[in-house]
Each structure stands twice: as C-alpha cells, then as structure tokens.
Amino acid sequence: MEELIMSNREADRLKVIQNVLERKLKWKEAGMELKLGLRQIEYICARVRKESNRGVIHRKKKREEKGTGAILKEVARHIFKQGSLGS
C-alpha cells in the first residue's frame, strides 16, 4: 500500500466527500462546507470513486513527484550519503 501525503485541507475535503459518497451529506451541503460549486463536488466525487483517496490530492502535487524535482531530490540524497561536495 502506498503512502499518501495530503494537506489538512485535502484531508478535510476527503472526509466531506466520503460523507457525500455514503449519502450522509448532500452535494449542496458539501459545496457550502467546502466553498465549491456543485460541478466541482461532482468532479471530486468521480475522482474519489475512480482513484480512491488519491482523488482529493491536488494534481500539481502528483506532477511534482514525477518531475525533475524527484530526480534532484534523489541526486541530493546520493551526494549527502557520500559526504560533502568538496571533499
């Protein structure tokens, strides 16, 4: 099982969306609570159905994990394992 890192805002959003999917909360109520429109609630619900909890995580966060930032982090870890840059 992979580890999900999400902000407090995303965790709160997930709780609300799960309540919508479990029919404990209506879309309109969820929209008011999250300050989103009905289309956004519908879109997020569909993503959570399709991708599970990962559906609430911001898309930019996923791109950063796959992009050059991840490569640079790995290179930095390798350099620090070997010691300082100059010696």
Name the helices (runs of 4 or more DSSP H) wholly within segment 1-57 that hold at least 1 residues that are within 13 Å of the chain's Cα centre (by Cα)?
8-21, 38-51
Number of positions in segment 47-87 that are of a type in the set (Asp, Glu) and at pLDDT 80 or above:
1
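The values are calculated or read from the model by the stated rules, or taken from the named source; none is laboratory data. The model shown is predicted, which means the values in this text are computed figures rather than measured ones.
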